[in-house]
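The values are calculated or read from the model by the stated rules, or taken from the named source; none is laboratory data. Just so it is clear, the model here is predicted, and its values are computed rather than measured. Note that we place each Cβ from the backbone using ideal geometry, even for glycine, and neighbour counts take in every protein chain shown.
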Amino acid sequence: MVVRMTESPFGQVSWGKALRIGGAGAAVAVFLCVVGIVPVFHERPLITGIISLGQTALLLSALGTGYAAARATAQGGPLALLAAASAGSIAGVALTALVLIGSAVDLRAVFLHASPQLYEILTFGQGLTGSWIPIALGALLGAVGGLVSNVRVDLRRPLTTALFALLLAGLFAGILRAAMLTTPLADLARLLFASVGLTVIGAIATVVLFAGGRELLYYTNLRQRVQEMPPAQRRVVTWPAILVAAVVILVLPQALGSFVAQVIAVVALYVLMGLGLNITLGLAGLLDLGFVAFFAVGAYTVGLLTSTAEFGIAQWPFWAAIPFAVIFAMLFGAILGLPILGVRGDYLAIATLGFGEIIRLLAGSDLLKIWLGGPRGIINIPKPIDVPPDHFLAGPNQIYYIALACAVVIAFVAWRLRGSRLGRAWLSIREDEDVAQALGVNLVQTKLLAYMLGAAFAGLGGGIFASLVGSIFASSIQLFVSINVVAIVIVGGMGSIPGAVLGAVFLIGVPELFREFTEYRFLFYGAALILMMRYRPEGILPTKFAAREVHLESGELGADTVVAAPAESG
Amino acid sequence: MAQLVAKGVTKRFGGLVAVYGLDLEIEPRSIVSVIGPNGAGKTTLFNCIAGWYRIDEGELVFEGTPIDMLRRDQIARLGIARTYQNIRLFAGMSAIENVLVGQHHFLSAGWVGAVLRTPGVREEEEKAHEEARRILRYVGLQGNEEGQASNLPYGDQRRLEIARALTTQPRLLLLDEPTAGMNPAETQKMTTFIRRLRDELGITILLIEHEMRVVMGISERIAVLDYGEKIAEGSPSEIQSNPRVIEAYLGRGAAAAGQSARVEADATQNHAEAQA
Amino acid sequence: MKTSWLERLTDLAIAGFLWAFRIAVVLIVLIGSALTLASGKYPPETWLNLAVQGLTLGMIYSLIALGYTMVYGILRLINFAHGEIFMAGAFGGYFVATALAGLGFLNQSPVTSLVSILLMLAGAMAVSVTLALLVERIAYRPLRNAPRLVPLISAIGASFFLQYTFRGLFGPGIYAYPSVDILQVAVPVDVLRMRWVDVLVIATAFAMMGGLYLFVQRTKIGTAIRAVSEDKATAALMGIDVNRAIVTTFAVGAAMAGAAGVMYGLMFRQIFFFSGFVPGIKAFTAAVLGGIGNVPGAMLGGIFLGEVESVGPTLFLDGLNVPSPNQLKDVIAFTMLVLVLIFRPSGILGERITTRA
């Protein structure tokens, strides 16, 4: 596209680029509408009575378009704002076009979500007479976005903090309110939170609290000062913080009600499995897409050994069955791993994917129906501890604590392994396995160990899951379980323990808690993976050295080489 | 008794013959250089010796053991180590961690031991760290151990790679263009260092080099490759006056003194990888 | 040389396992087939029918496999999202077909039906090519120089993104292809038990693959693609526009997949947002089977896989008294995938990728 630059006293503007960005913004906006994110998310208000989550999505895309357009121009000044506004208005035009076309022709024959409800949202209820609104809003928001991009970094930081805080607070407002209503904080809760979303006061409070807090932290340089303190003094500061965090984590299921308790039990389980895969993928670099196979082994083992229904073979207590779940999963890991681990990286991914699918199909097949229950699966799997319903350990809570305890243990194991001879060997394999081998590392054995340990923890997760749900069917063994765990490790940060926790909380917790996210979950995962690989492949909370390594170029005779090297096995 | 014997070694890539009928004998504790124009097959030869390629014909015997069917880690354990033309450090690990990997097969801590940190394991780790620090001191990299490997200056990275190779306690060390990218002062330091490796540690050195001053200054024997075949072998003075060698180099427009060969090497280094 | 006993044990175990696998597979195949054939339960017509089905199915796999193999050849990347490109083509064809059916054009006469099919193919290919180019631009191009895992993960992300985009756009329900009546008519050769749709699929696939072969071998851009697949750096030095070659590869592969989508829709009549996943993996298997990067190989691999999947369950498993063997046809396909990756990753006809990246 021809780039036309306009000379002006304020600098040059490349209109071509701005227009292209506007086009991209338009595509994103229309996409959001037509895929259904806007109408579905519209049902959840961010700030009650003011703006919904769906509208926020469009707002953000307009802001982003303006921001990018202003960025693309050479300098700041009013011309940049003009470019930003133009770009934003292009997005608006696209939406208006959508409304106009959609009102004339029923687009629902093709696009399910192109409904009158959508058009109402876009025109703020004004119908066709309001079709100018998207254009105006687009221009306005685009200009604001441009403004933000031109503003000093010092001002930008509180703005972005405020934005994130508002989003998170708005999401969790309903939950927090429900939890606080039974406490003395009830009045505060009603002031800040509506039953879904924030109140206006709540929104203001959030912005002040978080943006202000962040600025405070920044200007007092708190983080660095704590790090520079001598160890004894640092402990005095950090231990109470850790203690508070620990108390909060332990009290969580009680405080937040049974639905949330169920969700955080699942989150804890995924943290557990994420930490397990962190060894296989995060440390050793083995992209295992068939993690769910070992999850299944663990789940079925516990099911078969503890179930009181027809397929249960033993009726053992949970605690007796779990070690077997782990051991069998490890054994499966060895069996599946031995032949497959000599295969090169990307083929390994597909092969493990194949394994996962094979196990799923076999588990539900008629062939194995007499042992595994076929599609009906195994039911009546008891909880680990038998308690009366009022007890604080009843229901999902005990799973939460068990999963939490196991996660802590696994985190410890992972931490120890990382600093050991094995950990170094795994990291070297992940970095450059050919060179690692040339230094004397036995690739297959070392990889096998990583694979088996990952499998063991997957089995543990599966066993606990079976107990949580009370049953296990072949349809629980889906590829998405593997993808969930892989996404957690990758988005959170490969090899990073806090990364795995963060990943699980956001990638599992949020979709489970909020129905709208559930529907579009994998769409977000997909986008997250693509964006992360493009902009931050080391993950959100990377390990110390990770940031550099993933950005290295692979131009040399490296692990990518397909050479007729001596066969590693077989 | 030759330490490394190559007889009739041939390596093909599809239609391309990278190395053909190569005979070479390397005496223990000697310093031998392999030189030749770009595309001559030098790195291919290294790759064959170190177990990165399987040779198509011929035999390779190291200290009496045939190595042409062995895996890379088996070859490492026999006592052959190497460095790489383009530095291949573990960039995301610290300097000392890079070196510690070289000790992997001398240590025995398993995963259980690692998790439990038994006294035995702790002692082993301490000794390993001691040894790693010692080697880093030997190559002149003390004090920089915890830093990320990719943050080191270029010359230090080359030393680190050598340190890492030394950790495997090799008896034969393959150095692939160790002075690439260095200025004359650094080159001189590296040359002295290589000699120390042989003199103090008794390691046999096999060297690929383009910098003729290094080659002529340090080698006891030189083997010259061209188009995958050995066209000459002998002492530095014999090679310098060998007409075939001069023709091979001059035929590519490079002077035997090595200056232009250097420039040419740099310019087409990546491109020549396919053939070297 | 010190090799610990554990290492020797592992080496032994690996060798042992691999041998056990081979023997188990061979046994199942041979004994199962023997028993099934000996039981005489199935007359030759059944086998012929299954074989024909396998051929048709295999042609579809071949078309999709070509996209995988060409992209891998030029970028060393498994284009995970390719299955979704295939599905996009299926949807594209669907909407064209529905529109034409609504106009009464679709089944008006055999000629209009054929024209409709051509329009469906055009629509499908337009959609799939556009999508593939977008994916290349957004998810792959920025990562050209990244270490190998990174683009693969991006590809997985793209795959999911596309799947669920389609779910969002079109909903989770199953879409039924409108019936093209002339295709449902049986071919006059009785013993074959084919319908015209099978003939269409086979003919279209052959035509497209032939076209692709000519394209890759005879045209300038095709040669450029082959050159870049051999040695990207040298090709660039020779003045070849590497970017254009890559983009063209994606486009051509997507066109094949789009056509395959229409064929799939016409054959199986049902599509939904997840339809691309399993055929995608199977097509990848076919590509590896034939030798990744190897265009004729992908064609043969597809046919081979189609046959094994169609004939296999009955032939191998029925004799062994496996209940509902057709449930396991995907297991056979996936097992094939795993076997090929373990035992012969270079494929039957051999890989055609360079020895240097």
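Can you pull out the residues in the stretch C:123-158 that are among the polar types (S, T, N, Q), at the interface with chain A (Cβ under 7 Å from one of its Cβ atoms) and surrounded by 22 or more Cβ atoms within 10 Å (Cβ to Cβ)?
C:SER154
When you scan the stretch A:203-305 for helices (runs of 4 or more DSSP H) that lie fully inside it, which ones turn up with 1 or more residues that are on the phi < 0 side of the Ramachandran plot, touching a Pro at 6+ places or on another chain (Cβ under 9 Å) and surrounded by fewer than 24 Cβ atoms within 10 Å (Cβ to Cβ)?
Qualifying helices (runs of 4 or more DSSP H): A:212-220, A:231-277.
Sort through A:GLY395, A:GLY419, A:GLY364 and tell me the only one that's in the same structural domain as A:ALA268 (by TED's automatic domain parsing) and surrounded by fewer than 17 Cβ atoms within 10 Å (Cβ to Cβ).
Just one listed residue meets the conditions, A:GLY419.
Scanning the stretch C:165-200 for residues that are under 21 Å from the mean Cα position of the chain (by Cα) and assigned to a helix (DSSP H, G or I), which turns out farthest from the other protein chains (Cβ to nearest Cβ)?
That would be C:VAL199.
Every residue in the stretch A:449-471 that is in contact (Cβ under 8 Å) with a residue 60 or more places away in the chain and within 14 Å of chain B (Cβ to nearest Cβ), please.
Once the filter is applied, which keeps residues that are in contact (Cβ under 8 Å) with a residue 60 or more places away in the chain and within 14 Å of chain B (Cβ to nearest Cβ), the stretch A:449-471 yields A:ALA450, A:TYR451, A:MET452, A:LEU453, A:GLY454, A:ALA455, A:ALA456, A:PHE457.
So, in the stretch B:197-226, how many residues would count as being assigned to a helix (DSSP H, G or I) and of a type in the set (D, E, K, R)?
Here the count works out to 4.
Scan the stretch A:412-423 for residues that are within 7 Å of another protein chain (Cβ to nearest Cβ) and within 12 Å of A:GLY495 (Cα to Cα) and jot them down. Break it down stepwise before answering.
Step one: filter the stretch A:412-423 for residues within 7 Å of another protein chain (Cβ to nearest Cβ), giving A:413, A:416-417, A:420-422.
Answer for the stretch A:412-423, where residues must be within 7 Å of another protein chain (Cβ to nearest Cβ) and within 12 Å of A:GLY495 (Cα to Cα): just A:LEU417.
Kindly establish whether A:GLY333 is closer than 20 Å to A:LYS447 by Cβ and either part of a helix (DSSP H, G or I) or among the aliphatic types (A, V, I, L, M) (or both).
The answer is yes for A:GLY333.
As an exercise: evaluate A:VAL292 against (1) at pLDDT 90 or above; (2) over 20 Å from the mean Cα position of the chain (by Cα) and give the number of the one condition it does not meet.
A:VAL292 satisfies every listed condition except (2).
Could you run through the stretch C:333-349 and say how many residues are of a type outside the set (Gly, Ala, Ser) and either within 7 Å of chain A (Cβ to nearest Cβ) or surrounded by 22 or more Cβ atoms within 10 Å (Cβ to Cβ) (or both)?
Qualifying residue count, the stretch C:333-349: 9.
Regarding the stretch A:515-528, can at least one residue be identified that is basic (Lys, Arg), assigned by TED's automatic domain parsing to the domain that holds A:ALA296 and modelled with pLDDT under 85?
yes
Which residues, taken from the stretch B:63-86, are assigned to a strand (DSSP E or B), more than 7 Å from every other protein chain (Cβ to nearest Cβ) and closer than 27 Å to B:SER150 by Cβ?
Residues satisfying the conditions are B:ILE80, B:ALA81.
What are the residue pairs meeting all of these: first residue in the stretch A:128-146, first residue modelled with pLDDT of 85 or more, second residue surrounded by fewer than 19 Cβ atoms within 10 Å (Cβ to Cβ) and not in a helix (DSSP H, G or I), Cβ atoms under 7 Å, and 6 or more apart or on different chains?
Note: pairs meeting the criteria are A:ILE133/A:PHE124; A:ILE133/A:GLN126.
Scan (1) in contact with a helix residue (DSSP H, G or I) (Cβ under 8 Å, 6 or more places away or on another chain); (2) within 14 Å of chain C (Cβ to nearest Cβ); (3) at pLDDT 90 or above for the single condition A:LEU331 breaks and write down its number.
Failed condition: (1).
Only one residue in B:GLU211, B:GLU229 is modelled with pLDDT under 90 and not basic (Lys, Arg). Which one?
B:GLU211
Quick check: is even one residue across the stretch C:79-97 farther than 26 Å from C:THR285 by Cβ, within 11 Å of chain A (Cβ to nearest Cβ) and surrounded by fewer than 19 Cβ atoms within 10 Å (Cβ to Cβ)?
yes
Identify, from the list C:VAL127, C:VAL150, the residue that is within 23 Å of the chain's Cα centre (by Cα) and within 30 Å of A:GLU519 (Cα to Cα).
Values: C:VAL150 fails: within 23 Å of the chain's Cα centre (by Cα).
On inspection, the qualifying residue turns out to be C:VAL127.
Can you name every residue in the stretch C:224-247 that is within 16 Å of C:LEU133 (Cα to Cα) and surrounded by fewer than 21 Cβ atoms within 10 Å (Cβ to Cβ)?
Of everything in the stretch C:224-247, those that are within 16 Å of C:LEU133 (Cα to Cα) and surrounded by fewer than 21 Cβ atoms within 10 Å (Cβ to Cβ) turn out to be C:VAL242, C:ASN243, C:ARG244, C:VAL247.
What are the pairs with Cβ atoms under 7 angstrom where one residue, in the stretch A:256-268, is not assigned by TED's automatic domain parsing to the domain that holds A:TYR400 and the other, located anywhere, is of a type in the set (Phe, Trp, Tyr)? Sequence gap at least six, or different chains.
From residues that are not assigned by TED's automatic domain parsing to the domain that holds A:TYR400, there are no pairs.
Would you please name the residue that is farthest from the chain's Cα centre (by Cα), looking only at residues in the stretch A:499-516 that are buried (at least 21 other Cβ atoms within 10 Å of the Cβ) and within 14 Å of another protein chain (Cβ to nearest Cβ)?
A:GLY503
Please work out which residue is surrounded by the most Cβ atoms within 10 Å (Cβ to Cβ), limiting yourself to the stretch A:170-194 and to residues that are without any contact (Cβ under 8 Å) to a residue 60 or more places away in the chain and not in a helix (DSSP H, G or I).
That would be A:PHE193.
Can you name every residue in the stretch B:114-138 that is loosely packed, with under 14 Cβ neighbours inside 10 Å and among the small types (Gly, Ala, Ser)?
B:GLY120
Would you point out the residue of the stretch B:175-196, among those that are out of contact with any Ser or Thr (no Cβ under 7 Å at 6 or more places or on another chain) and within 19 Å of B:PHE46 (Cα to Cα), that is farthest from the other protein chains (Cβ to nearest Cβ)?
It comes out as B:ILE194.
Taking the condition assigned by TED's automatic domain parsing to the domain that holds A:ALA265, at pLDDT 90 or above and surrounded by 18 or more Cβ atoms within 10 Å (Cβ to Cβ), does A:ALA405 pass?
no
Say whether the condition of being free of Cβ contacts under 8 Å to residues at least 60 places away in the same chain, in a strand (DSSP E or B) and under 18 Å from the mean Cα position of the chain (by Cα) is met by at least one residue in the stretch B:52-62.
Yes: the stretch B:52-62 contains one or more residues that are free of Cβ contacts under 8 Å to residues at least 60 places away in the same chain, in a strand (DSSP E or B) and under 18 Å from the mean Cα position of the chain (by Cα).
I'm trying to understand the selection: among the residues of the stretch B:176-216, which are loosely packed, with under 14 Cβ neighbours inside 10 Å, within 16 Å of the chain's Cα centre (by Cα) and under 26 Å from B:ALA6 (Cβ atoms)?
Result: B:GLY202, single match.
Could you tell me whether the stretch A:289-300 includes any residue that is within 25 Å of A:GLU433 (Cα to Cα) and within 9 Å of chain C (Cβ to nearest Cβ)?
yes
Of all the helices (runs of 4 or more DSSP H) wholly in the stretch A:1-92, which have at least 1 residues that are among the hydroxyl-bearing types (Ser, Thr, Tyr) and either more than 25 Å from the chain's Cα centre (by Cα) or at pLDDT below 90 (or both)?
A:53-72
Considering only the stretch B:87-147, give the helices (runs of 4 or more DSSP H) lying wholly within it that have at least 3 residues that are closer than 30 Å to A:ALA456 by Cβ and more than 7 Å from every other protein chain (Cβ to nearest Cβ).
Working: elements: B:95-102, B:111-116, B:119-139.
The helices (runs of 4 or more DSSP H) meeting that bar are B:111-116, B:119-139.
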